[in-house]
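Undergrad: Please see the structure below; I have some questions.
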Amino acid sequence: MAKDSAENTRARILQHALSLFAEYGFEGVSMRQVGAATGLTTAALYYHFPDKEQLYLAVVEGCFTLRVNPLLPGEPSQGQAAGDPWVRLEAFVAGFVALLVAEPQFQRLMQWVALDRDEARARHMAERVFEPFFHGLTDLVPAARDDDERHFLAVAIMGLMAFPFETQVARQWLPGFQNPASAAAHQVDRIMSLLKNGVTG
């Protein structure tokens, strides 16, 4: 029972911390704020997480473990065909865009993470959270000639998926704007067309 209670408390902390970090970023949130939102004293909060850095890392890692990594297709079993790489990539793109639509908190958190300029924290995040996901994404990139091109294309795909959401507040005043949440399927089609055919294809 005590273990269940501790796990429930940890889950509650992570949920409230996600809301705060998504709204204000790492620098804009204090452990005192997280404790107040969770209904815990600061001392009780530190029992579960030794510092804000570890809490932040746990929030981002939890988002990827529970939400993003399951979107990546697993390795085909022995004797099973891998399938059309474009179909596999499109399934991931559609799933990730749907995630951004369904969970705006996750989208805002990822925007804060991308803007973080603390190199030590960024390296820790890359090695512990992003590397498994990035390997999975680069494996989906069809017809890349080498690791450099595979890396570039994977980053470009992430930008094509996320940037329309990150810039929608400013873009709504520009010609041709479509709300990415209401035009998700169209966005997926545009991304896949651009990747397959290029700008003039």
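No value in this document is a laboratory result; all are computed from the given coordinates. Keep in mind the model is a prediction, meaning the values are calculated, not measured. Here the Cβ is made from the backbone with ideal geometry for all residues, glycine too, and neighbour counts use every protein chain on show.
Undergrad: For Ala114 and Glu53 in the same chain, what is the full-extension length gain: residue separation times 0.36 nm, less their Cα-Cα distance, in nm?
TA: Stretched out fully, the Ala114 to Glu53 stretch lengthens by 20.4 nm.
Undergrad: Which one of Pro50, Pro73, Leu160 is farthest out on the positive end of the charge dipole of the chain, using unit charges on Cβ (Lys, Arg +1; Asp, Glu -1) and the Cα centre as origin?
TA: So the residue we want is Pro50.
Undergrad: Calculate, in nm to one decimal, what Phe134 and Val155 gain on full extension: separation in residues at 0.36 nm each, minus their alpha carbon distance.
TA: 6.7 nm
Undergrad: How much net charge surrounds Leu57 when only the other residues with a Cβ under 13 Å from the Cβ of Leu57 are counted, with Lys and Arg +1 and Asp and Glu -1? Intermediate values should be presented prior to the final figure.
TA: Numbers: positive: Lys52, Arg121, Arg123, Arg128; negative: Asp51, Glu53, Glu61, Asp116, Asp118, Glu127.
Net charge in that neighbourhood comes out at -2.
Undergrad: With only Lys, Arg, Asp and Glu charged, each at its Cβ (+1 for the first two, -1 for the last two), find how big the charge dipole of the chain is about the Cα centre; round to the nearest 20 debye.
TA: Working: 17 positive and 23 negative charges, 102 e Å.
Dipole magnitude for the chain comes out near 500 debye.
Undergrad: Next question. Semi-axes, largest first, in whole Å: what does sqrt of 5 times each Cα gyration tensor eigenvalue give for the chain? All intermediate terms of the calculation are to be shown ahead of the outcome.
TA: Values: eigenvalues 225, 90, 47 Å².
Sorted largest first and rounded, they come to 34, 21, 15 Å.
Undergrad: Report the far tail of the P(r) of segment 114-201, meaning the percent of Cα-Cα pairs longer than 23 Å.
TA: For segment 114-201, the share of Cα pairs beyond 23 Å comes to 37 percent.
Undergrad: Separate question: Where in segment 134-170 does the amide nitrogen come within less than 20 Å of the point 7 Å from the Cα of Ala185, taken along Cα to Cβ?
TA: 161, 165
Undergrad: Run the simple label-point estimate for Asp146 and Ser30 please: 7 Å along Cα→C-beta, distance reported in nm.
TA: Between Asp146 and Ser30, the label points sit 5.2 nm apart.
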